[in-house]
Each structure stands twice: as structure tokens, then as C-alpha cells.
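J.: Mind having a look at this structure? Questions to follow.
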Amino acid sequence: MRRGVLVSVLTLSLAAPLAACGNDHQEPSQGKDHIGLLLPENKSTRYEKFDHRIISRRIAALCLPCTVDYGNAESSVDAQRSQFDALVKKGVKVIILDPVDAQAAKAWVDSAARQGVQVIAYDRLAEGNVAAYVSYDNDKIGRLQGEAILAALGPRAASADVVMFNGSPDDPNAPAFKKGAHAALDGKVHKIVYEKDVPEWSEATAKKEMADVINSRGPRGFDAVYSANDGMAGGIAEALKSAGVKNVPLGGQDAELPALQRLLDGTQAFTVYKEVRPEAETAAELAFRLLRGQSISTLTSTTAANHSKSGIPAKLFKATVVTKGNLKDTVVRDGVVRSDLLCTPALAAQCASAGVG
């Protein structure tokens with residue numbers, strides 16, 4: 001008899017929390033010390049390797065009881081919406097959002113804002129009533145890329161024909177990169193002979209399109225290739241190598257390890273280094289302050305605007321062009337890449353000439 005009573009009591013004690021979890025009135029309290037972090041994809045190595053880790057660690061340092069509720073959408077808008085909705089339903093009041101599709105996120109962001117949820121647009125400016133924005137000056141990054149193409153071409157620039165592979169149409173940063181690159185290149189090169197916006201920043205698509213350009217124009221039908229990021233540059237480099245095309249400057253962005261190795265072997269002329277740490281740590285500090293109802297004015301030195309809101313408190317960081325010549329004093333110095341991983345046996349001589357290793 002006692003055992004039956006004991007089992008009944010245990011059953012009730014376990015059932016009570018489960019019942020509370022299913023009660024909508026209880027959910028807001030669950031999110032009191034929770035911060036949402038939603039990243040868009042895992043094709044780029046930076047999100048899992050850097051952004052997720054740095055943001056989580058910084059929040060942990062700022063707020064011992066805080067928990068980061070993390071989700072990666074793996075390039076799916078529907079998956080990200082489900083993750084976002086789950087956070088709002090749970091009662092999370094601050095969400096750091098790097099949107100898969102900035103326009104698609106507008107309805108979720110606006111709905112959440114009406115429920116008192118503050119959304120920090122991270123790296124990409126989401127549409128809707130966002131509370132703050134942390135990223136880089138993307139127009140200036142595009143200009144840096146265009147200027148780096150000109151520098152790589154040198155005296156050939158004025159007569160050069162350039163191929164351009166721009167970022168994904170659903171990424172709000174992509175038009176800014178493209179605009180900045182055109183501002184640097186237009187009127188300084190002979191002609192942009194081919195230009196393509198690449199959905200999902202697909203390396204495979206960029207490779208195929210580059211192969212098509214080589215087939216249609218011939219291996220001497222262009223003098224430089226602009227790639228909006230390093231992932232696509234990898235596919236482009238493969239297409240150029242397969243066709244035996246050499247000495248054509250190729251540029252990218254993100255300072256990914258394969259791209260840095262291409263700088264060393266000469267198959268990529270430059271990349272753009274955006275320090276993830278200050279961007280990620282600022283996002284974490286903004287989230288903590290918003291969670292605690294504190295001012296964010298000292299963290300946001302400028303403002304930004306999307307298509308539905310102006311005057312968004314923002315922090316925009318500067319970026320740096322990396323070439324073989326300054327690789328040692330940028331990404332290696334800052335610990336972005338370990339020299340033992342960068343300098344494979346096949347690249348030993350190139351690393352030695354670059355002072356790395």
C-alpha cells in the first residue's frame with residue numbers, strides 16, 4: 001500500500017512540470033534569462049566555428065544565469081521561421097537573428113515586436129521592426145573588393161574585361177557588396193563582360209557559370225574575376241584550373257582557410273577579412289543589455305535603415321583586404337587561422353616566402 005502511494009506521488013510530481021510546460025501562460029517565464037541566436041546556414045565555416053561559439057561564450061561571461069537557445073537554419077527559410085516562432089512561443093524576449101531571407105523575416109520580426117520581443121539583426125539586416133543591427137559596412141567592403149581587383153590588375157586595369165559573380169539575391173548584404181564593387185570598377189576597367197547573382201552563394205553554381213564563361217568567351221576572353229565571397233571563389237578557381245587559365249586575378253571575401261591557401265599558391269589574389277570577434281561580442285552585449293532593459297547607446301555609434309524602419313541603432317565595423325603580402329600581419333597574427341593548418345607540406349615554400357610558419 002505504501003509503495004502504491006509512493007508511486008502515485010512520484011507520478012504526480014513528474015507530471016506537474018510537464019503540465020506546466022504545456023500551459024501557454026507558463027511559457028513566458030521560461031524565456032526570462034534566455035537569449036535566442038538564429039544563424040542562417042552552415043556552408044560557410046564561420047557560423048559554427050566562430051559566430052556561435054563567440055556569442056555564446058560572451059553571453060555566458062556577461063550573464064551567469066543566461067542560456068543561449070541556438071538554431072541554424074541550414075539555408076531554409078521555413079526552418080528558420082519555425083525556430084524563430086518556437087523562441088517567441090517559449091517567451092524569449094531577445095533574439096539575435098541572421099536571416100536566411102531578410103524580406104521573409106519581416107512578418108516574424110513585426111509579429112514578435114508586437115509581443116515585446118526585441119530582435120537584433122546580426123550580419124544581415126532583417127526587414128521589420130528590428131531593435132538593433134550589428135554588421136560591417138557592406139558598401140565599403142564591396143569597394144574594397146573592387147579596389148583590390150584594380151590593384152591586382154595594375155597597369156592592365158584600364159583595358160581589362162572583368163567577370164562578376166555577386167552574392168545571393170535573398171541576402172540583403174549582396175546588393176551592397178555589388179554596389180560598392182561597381183563604384184570601384186565602373187569607369188576604371190574596360191568592361192564588365194559577364195555578371196551573375198548566384199542563389200545561395202552556391203560554389204557549385206559559380207563553378208558551372210565560370211566554366212560556361214570560359215567556353216563562350218575562351219580562356220583569354222576576360223582578365224579578372226570578382227567573386228563576392230570565398231566559397232564561390234573556390235568553385236571559380238576550380239573551373240579556371242580545369243581550363244588551364246592562369247594569371248587571372250580572382251578575389252573573394254571571408255578569409256576562409258581554403259581561400260588563404262589559394263592566396264599562398266597564387267590561385268586567388270585577395271580576400272576580405274572581417275573580424276568576427278568584435279561583431280559577435282557586440283551582438284552578445286547588445287542582447288544582454290536589451291534583456292536587462294539597459295541602454296545600448298554606447299554600443300551603437302551609427303544608425304541604419306531597412307525598407308520599413310529608419311534610425312535603427314547600429315554598429316558597423318571596418319574590414320581589411322588580405323593578400324599573400326599581409327597574410328602574416330592580419331589573419332595569422334589575430335589567430336583566425338593556425339599556421340600549422342595553413343601551411344600544409346605542399347605550401348611549405350610559399351609559407352616560408354610569406355613569413356608564415
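J.: How many nm separate the modelled label positions at residue 161 and residue 53, each set 7 Å beyond the Cα in the direction of the Cβ?
T.: Output for this residue pair reads 4.5 nm.
J.: Hey, another quick one. For the range 54-203, with only Lys/Arg (+1) and Asp/Glu (-1) charged at the beta-carbon, what is the dipole magnitude about the Cα centre, in debye rounded to 20?
T.: Details: 17 positive and 20 negative charges, 94 e Å.
My answer is approximately 460 debye.
J.: Just need log10 I(q)/I(0) for the range 193-280 at q = 0.12, 0.24, 0.25 Å⁻¹, Debye formula, equal scatterers on the alpha-carbon atoms, no solvent, rounded to two decimals.
T.: -0.34, -1.21, -1.30
J.: Once you compute Rg and the Kirkwood Rh from C-alpha atoms, what is the Rg to Rh ratio for the range 34-155? Don't skip to the end; give the middle numbers.
T.: Numbers: Rg = 16.3 Å, Rh = 15.4 Å.
Ratio of gyration radius to Kirkwood radius: 1.06.
J.: Now, a different point. Taking a ≥ b ≥ c as the square roots of the eigenvalues of the Cα gyration tensor of the range 205-357, is the shape rounded (a/c under 1.5), prolate (a/b larger than b/c) or oblate?
T.: On the way: a/c = 3.28, a/b = 1.62, b/c = 2.02.
Since a/c reaches 1.5 but b/c is at least a/b, the shape of the range 205-357 is classed as oblate.
J.: Where does the range 115-217 land on Rg(C-alpha)/(2.2 N^0.38 Å)?
T.: Details: Rg = 16.5 Å, N = 103, 2.2 N^0.38 = 12.8 Å.
With N residues counted in the range 115-217, Rg over 2.2 N^0.38 Å equals 1.29.
J.: Now for a different question. How much length, in nm to one decimal, is gained on full extension between residue 192 and residue 212, taken as 0.36 nm per residue of separation minus their Cα-Cα distance?
T.: Details: separation 20, 0.36 × 20 = 7.20 nm, distance 1.59 nm.
So the extension gain works out to 5.6 nm.
J.: Counting only residues 5 or more places away or on other chains, whose amide H sits under 5 Å from the amide H of residue 67 once H atoms are built in the peptide plane?
T.: Sorted by chain and number, the residues that satisfy this are 34, 35.
J.: Could I ask something else about it? I need the shape label for the range 167-232. Rule: rounded when a/c is under 1.5, else prolate if a/b > b/c, else oblate, with a, b, c from the alpha carbon gyration tensor. It would help to have the intermediate numbers written out before the result.
T.: Working: a/c = 2.49, a/b = 1.12, b/c = 2.22.
It comes out oblate by the Cα gyration axes.
J.: In whole percent, what relative contact order does the chain give with Cα contacts below 8 Å and a gap of six or more residues?
T.: Working: 689 pairs, mean separation 55.2, N = 357.
It rounds to 15 percent for the chain.
J.: Sticking to Cα atoms, compute the Rg of the range 279-357 to one decimal and its Dmax as the biggest Cα-Cα distance, whole number, in Å.
T.: For the range 279-357, the Cα-based Rg and Dmax read 19.4, 55 Å.
J.: Could you work out how much longer the chain between residue 114 and residue 338 gets when fully extended? Use 0.36 nm per residue separation minus the Cα distance between them, nm to one decimal. If you can, show how the numbers build up before the last one.
T.: Values: separation 224, 0.36 × 224 = 80.64 nm, distance 4.55 nm.
In short, 76.1 nm is gained.
J.: When Rg and Dmax of the Cα atoms in Å is calculated directly from the model, which label among (i) 23.7, 95; (ii) 19.8, 59; (iii) 19.6, 63 fits?
T.: (i)
J.: Further question on the same structure: With only alpha-carbon atoms in the gyration tensor, what are the semi-axes of the equivalent ellipsoid for the range 232-292, in Å, largest first? Don't jump to the answer; show the numbers that get you there.
T.: Values: eigenvalues 266, 19, 11 Å².
Semi-axis lengths for the range 232-292 are 36, 10, 7 Å.
J.: With a 10 Å cut-off between alpha carbons and a GNM built on the chain, which of 105, 61, 239 moves the most?
T.: Between 105, 61, 239, it is 61 that shows the largest mean-square fluctuation.
No lab work stands behind these numbers, since they all come straight from the coordinates. From a predicted model like this one, the values you see are computed outputs, not experimental measurements. A quick note on method: Cβ atoms are made from the backbone with ideal geometry, for glycine too, and the neighbour counts reach across all protein chains shown.
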